[in-house]
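Working notes, beginning with the structure itself.
The values are calculated or read from the model by the stated rules, or taken from the named source; none is laboratory data. All figures in this text were calculated on a predicted structure; none of them were measured in a lab. Cβ: placed from backbone, ideal geometry, glycine included. Neighbour counts: every protein chain shown. Note: areas computed on protein heavy atoms with side chains; ligands, DNA, RNA excluded. Shrake-Rupley method; radii C 1.70, N 1.55, O 1.52, S 1.80 Å.
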Amino acid sequence: MTDTIPAEPIVTLAEAQAFARVETGEEEALLAGLVRSASSLCEAFLGQVVIEREFSETIAASIEWQRLNVFPVRSISGVSIGGRQLAATAFATDIDANGCGWVRLADASAVGTIDVSGTAGMAIGQNGVHEAIRQGVLRLVAHLFAARDGAGGEIPAAVTALWRPFRRVKLA
């Protein structure tokens, strides 16, 4: 199980207002919520954390290499069992060239689960996000704003076309 802080907004409220042609005022709060929703939907579609943030993931305790589910991993800052931080010599970590995080314990006596913490994300901030991803989020915000009465619940094909090159699909 991976716990991450909710998705960072991939675009600013001002960008979304300009793209959706919404004046400031009463609909600003609605638009801010749609930016957060579109950012979360983007991450779910991509299978990746877009803007860097902290994560905590619980995995099986094992001396075999265990791959983390969060992606792409930028750093692994700690491993703990039952809230007790393990010494650096008690585990090994690796982040491969693809951004997959890996962890294993040095001692086979540990049973149950371990908690791994660190940071993950494609970009450090909004300005580092690829423009196609940002444009997809803006288009989705505008779509959600226009369809706020409940019609047209699917992500538009133009949005998925922008995001598809960055999608990470997990194979079993």
Is there any pair with a first residue in the range 1-30 that is in a strand (DSSP E or B) and at pLDDT below 90 and a second that is among the charged types (D, E, K, R) and surrounded by 10 or more Cβ atoms within 10 Å (Cβ to Cβ) whose Cβ atoms are under 8 Å apart and which are 6 or more apart or on different chains, and what are they?
-> T2/E57; D3/E57; T4/R53; T4/E54
Which one is farthest from the chain's Cα centre (by Cα), of the residues in the range 71-82 that are under 23 Å from A110 (Cα atoms) and open to solvent by less than 70 Å² (accessible area, probe 1.4 Å)?
-> I81
The range 17-26: number of residues that are touching a helix residue (DSSP H, G or I) at 6+ places or on another chain (Cβ under 8 Å) and farther than 17 Å from R139 by Cβ | 2
For residues that are in contact with a helix residue (DSSP H, G or I) (Cβ under 6 Å, 6 or more places away or on another chain) and aliphatic (A, V, I, L, M), scanning just the range 159-172, find the one that is most open to solvent (accessible area, probe 1.4 Å).
-> L162
Looking only at the range 123-149, which residues are surrounded by 16 or more Cβ atoms within 10 Å (Cβ to Cβ) and among the charged types (D, E, K, R)?
-> R134, R139
Would you check if there is a residue in the range 104-112 being open to solvent by 30 Å² or more (accessible area, probe 1.4 Å), within 23 Å of V169 (Cα to Cα) and polar (S, T, N, Q)?
-> no
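Rundown of residues vs (1) among the β-branched types (V, I, T); (2) under 22 Å from V159 (Cα atoms); (3) more than 11 Å from the chain's Cα centre (by Cα); (4) loosely packed, with under 14 Cβ neighbours inside 10 Å, yes/no style:
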residue: P6; (1), (2), (3), (4): no, yes, no, yes
residue: E23; (1), (2), (3), (4): no, no, yes, yes
residue: L34; (1), (2), (3), (4): no, yes, yes, no
residue: S62; (1), (2), (3), (4): no, no, yes, no
